Amino acid sequence: MALSTSAPNRGPDPAPPPSPAPAPARPRPAAGLRAPLFRWDQKAAPYAFVAPFFAFFAAFGLFPLLYTAYVSLHRVELQTSDRMEWLGLRNYTRLIEDPFFWNALRNTFTIGVLSTVPQLLMALGLAHLLNYRLRGRTFFRVAMLMPYATSVAAATLVFAQLFGRDYGLINWLLGTVGISPVDWQANTVASQIGVSTVVTWRWTGYNALIYLAGMQSIPGELYESAAMDGASRWQQFLHVTVPGLRPTILFTVVVSTIGATQLFGEPLLYEGSAAGGVSHQYQTLGLYMYEQGWGFFHLGRAAAIAWVMFLLIVVLVAVNAAIARRRSRTEG
Amino acid sequence: MGTDTAQPQTRGSGTALAPRPAPAVTAPPKSRRRGAAGRRMDGGPLAYAVLGVATLMFVFPFYWTVVAASRSNAELSAVPPALTPGGNLFHNIGEALQQAAIGKALLNSLIVSTTVTTGTVLCSTLAGFAFAKLRFRGRGALLALTVGTMMIPPQLGVIPLFMIIARLDMQGKLPAVILPTLVSAFGVFFMRQFLSQALPDELIEAGRVDGASHARIFRSIVLPVARPGMAVLGMLTFMATWNDFFWPIVALNSQNPTVQVALKSLGQGYVPDQSVVLAGTLLGTLPVLVVFGLLGRQIVGGIMQGAVKG
Amino acid sequence: MATAGAARTRAVTLGSAVLVLALAAGCSSSTSTKSAGGDTAKDGKVTLNVDLFGTFGFKEAGLYAEYQKLHPNIEIKQTDTQDEAQYWQALQTKLAGGGGLADVQGIEVGRIASVVQKQADKFTDLKSLGLGPASDELVPWKGSAATTPDGKLLGLGTDIGPEAMCFRADLFKQAGLPTDRDQLAQKWSTWDGYLALGKQYAAKAKAGNTWTDSAASVFAAEVGQQRVRYFDEQGKPVYETSPAVKAAWNTSVSLVKDGLSAELPEWTPEWNKAFSTGKFATLSCPAWMGGYIKGQAGDAGKGKWDVAPGPGKTGNWGGSYLAIPRTSKHAKEAADLIKWLTAEEQQVTLFKKLGSFPSNKAAQAAIKDVKDPYFSDAPIGQIFSEAAAAMPAQVLGADDQVVTKAFTDALGEVERTKTAPDAAWKHAMDNVRNATGG
């Protein structure tokens, strides 16, 4: 599970990787006060420091996690959640024959691609531009980060208006250049683009800044020697910037993948319904889980979906890491 | 130091479990500034043009929110649509305050975010220090556990938590939102990474030689060094908590909402008037915009620093 | 450290600014809204929270103001969700979680069977508060539907939804259609007649103006004309096999095929906006829809809309109950309020101002001659009374609304994604099964 954290380190960093482990403590000076109280302090204090965190963490983090697995093996209804009826793996096996589940899985994937790929490509381009010496660079950076600070709910409400079929601004704009109105809600592709747009709008600037930070840490000498070899700006971007950013890119890909897998608020508020459109055409796994739990009141089924989502994330992150490792081997 | 990863939390609308660790990205060589500056080229007109258009895209939805919030419903469905602010802003804001309890939502969000930020920063600094600088049995395993749970989706904890608050009759009350989000694994990892680098072992040794207790070392040596890291973590946590979505909409309801819960109600037809919906959206976003006006540079700095220091 | 210090100072300034802002907002709102959960304030005032869906019209008709004048110690705070499906989901979560319930909750007629069968223990028996027996005051089926087998009364009936047809007289005139109510009723005495007239309208109407709002509203109106709709008396599902349901489906599908639907999903912002733009010329009108039209079309719509007896037989679409959750701390005061709201005089006021048709028999007798100036002085009293007298006493199923929602979505698919009707029908069946857990 720690893959996401360790994976990027495996890339060929242009700069030496940080030392993730703290420096080994040096032997303590032999002389010193050795009062029993002091010794007790030495032994117990570390646990006292981590105790507040772990107390809450165990109660509200670990326990629910495991209990969700337990719930997923039962029939539990929202209205009568204190009554549990053992089902074994039924909640899981029924997912296999559940067309809505597969639909949600497919949507999660397509919306994930639609939102992540353009987002990261644009972020890369913007970061490249921001890396020039610019007047008003702080202004640009802050403006780009503003969507990130906006909540999912606020952003989606605004975009849902802009994407209105009959009275939305975007269709009006399209109309002025002669394009007939697009049904941004009912049409499968259009609605997924609509939902992805909210995600892209919120995260592009953030990722651009992450890339920018990565770019600034690429040693200038690399560019100088590339320039001496006669590389154009574009070639420098391809052969110096992108390889140098590989660990950063991998990180953003992993984070975006995790985010895309959990996508929930945007599709929920896009039309305000947990069904994710009349044909569930943009219902994601996260939303389907919510619909089962709080729309149909089947908490047991919802728990099973939650666990499937978790396993999916583990697999995706592992795949990401494996690809990264292979690439670094073939190129290194 | 960890990259800010409030990202998956807000996007996935997370609970306490949500924030993810940033991987160590690229550690900057000490000469980075000089090296980078050496090759930085001036931006041409094209760069300004592209950035200008991009900025417009990023900012336009905010502008349009103001436009829509200041118009009437009928004006919103007019063709061609209104593109400049109208005169209905205060009327609509009044309606939003009245109908969707936005005022109460703002107060609730402030209480929740402040409490959670305080709790997270404190617990994270304590635990982060222990993980970074103290040796104790089980340290490796506990740290692995902390880091490992950072990629668990918020959806995974919501069902049992809901069943618990349902049984305790806590649904709709603020502690139901605060308690489960009070600590964050990401925060611990973040402070650990920060203190590993920022706090020289010699300082602690010196404290020990003087016979200071751990509590004292923490208070007079660790805290001052940790402050910048705490500030960044606090900023990120506050924003992430303010924007947290999934758990609050399950735990609270429109009678006693946070801002995001109120916005969800608005988005689900709690108020029929679209201009009022957007007035509510504007009110709920305003605090964030104010923060950005004042602290924008620091937030950008925090995120970029986080990204590089790894 | 200098920058960190500066940042801190700024952060403090900012923090206090935000704090002041939020406090100001919080205080200003708390004076107007009080706190939720029915608190008794220091001055002995009791705040009653009323949580509703759609347009009940109590507030719009000034009934709360009147009640507060009669009972100076009571303050009423109403919240309202337009879409009943959203309202119901939120209500279920609150009932399960025990928090955030109002003192009075509205219950749609399509949900009352579910409440009676599954959640009787969550609501107060109104008989224990001295209300009812309501059976002799209300139309018979209305009261019995809210009564448990062991005799607990869980809700007081507000309105019922006898059906008619609302139409835009101004647009009819422009398209050369008759605007005489009797003549129209004659022309659309059957649903086929309604479609035929729609085609006439479509041939003459301005581009972008369509005959009616959505297939779903036509479907709801036609199904509402059946005594047995989705579930039979034993609670057995018949929605898949019922010829009447299939007939309503076919009418709705033809409507879409002929291009007569504006394809607007009900209860959405786009639908709301279309009330004032003339996008559709007719709307299936259970009595309570009149209030919704007034709310959405506003003053500008006055005199443009009209009402005539509707197509097909007459039926019931919607109508509601008021119930008091067990959690209410002011059940007695809430009971007084709902008793007053559902009493004859208030029901008459509601009909006059908003068109909500009373389930109270005395009130029904009192409104027979009401005309509504908003609807071009249509004799709404007569039209809806006749509809109510002839409509069947519906058999209600616990999952009626679930089925309705599935058909609504499926018709939306036919309209907006050009899904083949047969495929959409199958989707509706799948959706019901998925939701009910079968």
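Accessible area buried by the pairing of B and A, both sides summed with a 1.4 Å probe, works out to roughly 11800 Å². Couplings 3J(HN,Hα) for region B:118-134, derived from phi with the Karplus relation 6.51 cos²θ - 1.76 cosθ + 1.60 (θ = phi - 60°), are 4, x, 5, 5, 5, 4, 5, 5, 4, 5, x, 4, 4, 5, 7, 10, 10 Hz, where x marks Gly and Pro.
Projecting the Cα atoms of C:Ala145, A:Ser191, C:Asn316 onto the dipole axis of the protein assembly as shown, where Lys and Arg carry +1 and Asp and Glu carry -1 at the beta carbon, places A:Ser191 farthest toward the positive end.
Given the protein assembly as shown, what percent of its DSSP beta bridges are antiparallel, to the nearest 5? Antiparallel: roughly 65 percent of the beta bridges in the protein assembly as shown.
Computed over neighbours whose Cβ is under 12 Å from that of A:Gln192, the net charge equals 0, Lys and Arg +1, Asp and Glu -1. Normalised per residue, the accessible area of chain C is 37 Å², obtained with a 1.4 Å probe and no contribution from ligands, DNA or RNA. If you plug the beta carbon distance of C:Lys127 and B:Ala141 into 1/(1 + (r/R0)^6) with R0 = 60 Å, you get a FRET efficiency near 0.45. If you take the beta carbon distance between A:Arg39 and A:Phe63 as r and set R0 to 30 Å, what does 1/(1 + (r/R0)^6) give as a FRET efficiency, to the nearest 0.05? Working from the Cβ atoms, E equals 0.30. Label-to-label distance for C:Ala244 and B:Glu75 is 4.9 nm, based on points extended 7 Å past Cα in the beta-carbon direction.
Accessible surface area normalised per residue over region A:90-331 is 33 Å², counting heavy atoms of protein chains with a 1.4 Å rolling probe. You can think of it this way: the chain between C:Lys59 and C:Lys206 has 49.2 nm of extra reach, that is 0.36 nm per residue less the Cα-Cα gap. Structure note, pairs C:Lys304/C:Lys353; B:Lys264/C:Lys257; C:Lys142/C:Lys368; C:Lys127/C:Lys353; C:Lys246/C:Lys313: Cα-Cα distances above 24 angstrom occur for B:Lys264/C:Lys257; C:Lys127/C:Lys353.
Rolled with a 1.4 Å probe across the full set of protein chains, the surface gives B:Val147 an accessible area near 20 Å².
Here the accessible area of region C:320-363 is 50 percent carbon and sulfur, with a 1.4 angstrom probe and all protein chains present. Chains A and C together bury roughly 2300 Å² of accessible surface, counting both sides and using a 1.4 Å probe on protein heavy atoms. Summarising the strand pairing of chain C, around 65 percent of its internal DSSP beta bridges are antiparallel. The stretch between C:Arg433 and C:Lys371, if pulled fully straight at 0.36 nm per residue, gains 17.9 nm over its current Cα-Cα span.
C:Pro325 sits among other residues whose Cβ lies under 10 Å from its own Cβ, and their net charge, with Lys and Arg +1 and Asp and Glu -1, is +1.
The HN-Hα couplings worked out from phi for region B:48-62 by the Karplus form 6.51 cos²θ - 1.76 cosθ + 1.60 (θ = phi - 60°) are 5, 5, 5, 5, x, 4, 4, 4, 4, 4, 5, 8, 3, x, 5 Hz, whole numbers, x standing for Gly and Pro. Once the Cα-Cα distance is subtracted from the 0.36 nm per residue extended length, the C:Ala362 to C:Val228 segment shows a gain of 45.5 nm. Dipole magnitude for region A:90-331: computed about the Cα centre from +1 point charges on Lys and Arg Cβ and -1 point charges on Asp and Glu Cβ, it is near 500 debye. Averaging Cα coordinates gives a centre for region B:139-206 and one for region C:258-308; these two points are 51 Å apart. Put simply, the amide H of C:Thr190, placed in the peptide plane, has neighbours under 5 Å in C:Gly312, leaving out anything fewer than 5 places away on its chain.
Simple spin-label estimate for A:Thr188 and B:Ala215 gives 6.5 nm between the two label positions (7 Å along the Cα-to-Cβ direction from each Cα).
For chain B, the longest principal axis of the Cα atoms and the long axis of helix B:89-100 meet at an angle of about 70 degrees. Each Lys and Arg adds +1 at its Cβ and each Asp and Glu adds -1 at its Cβ; summed about the Cα centre, the protein assembly as shown shows a dipole of about 4620 debye.
Close amide-amide hydrogen proximity is noted between C:Ile160 and C:Phe357, C:Ser359, each under 5 Å apart and 5 or more residues distant or on a separate chain (H modeled in the peptide plane; Pro and chain starts excluded).
Report the residue, chosen from C:Pro149, C:Pro325, C:Pro178, that carries the largest GNM mean-square fluctuation when chain C is represented by alpha-carbon nodes joined by springs under 10 Å. Largest GNM mean-square fluctuation: C:Pro149. Exposed loop sites here are trypsin sites (Lys or Arg not before Pro) assigned a DSSP state other than H, G, I, E or B and surrounded by at most 12 other beta carbons within 10 Å; excluding them, the longest clear run of chain A is A:136-332. The contact between chain B and chain C removes approximately 3100 Å² from the accessible area (both sides summed; 1.4 Å probe; ligands, DNA and RNA excluded). Connecting C-alpha atoms closer than 10 Å in a GNM of chain B, tell me which of B:Ala100, B:Ala262, B:Ala127 has the biggest fluctuation. Top of the fluctuation ranking is B:Ala127. Between the beta carbons of A:Arg106 and A:Leu311, assuming R0 = 22 Å, the FRET efficiency works out to 0.80 to the nearest 0.05. When the other protein chains are added to the chain by itself, burial of at least 50 square angstrom of heavy-atom accessible area (probe 1.4 Å, ligands and nucleic acids ignored) affects these residues of region A:115-146: A:Leu129, A:Asn131, A:Tyr132, A:Arg133, A:Phe140, A:Val142, A:Leu145, A:Met146. Once both labels are positioned 7 Å from their Cα atoms along Cα-to-Cβ, the gap between A:Ala48 and A:Tyr92 label points is 4.5 nm.
Tally Lys and Arg at +1 and Asp and Glu at -1 over the other residues with C-beta under 11 Å from the C-beta of C:Phe53: what net charge comes out?
With Lys, Arg at +1 and Asp, Glu at -1, the neighbours total -4.
Inter-chain Cβ neighbour count for B:129-138, averaged per residue, equals 5 (cutoff 10 Å, partner chain atoms only).
Once neighbouring chains are kept in place and the probe is 1.4 Å, which whole percent of the accessible area of region A:90-331 is contributed by carbon and sulfur?
Carbon with sulfur: 67 percent of the solvent-accessible area.
The values are calculated or read from the model by the stated rules, or taken from the named source; none is laboratory data. Bear in mind the structure is a predicted one, so any value in this text is a computation, not a measurement. Cβ sites come from the backbone with ideal geometry, for glycine too, and all protein chains shown count toward neighbours. Heavy atoms of the whole protein, side chains included, go into the accessibility calculation; ligands, DNA and RNA do not. Shrake-Rupley method; radii C 1.70, N 1.55, O 1.52, S 1.80 Å.
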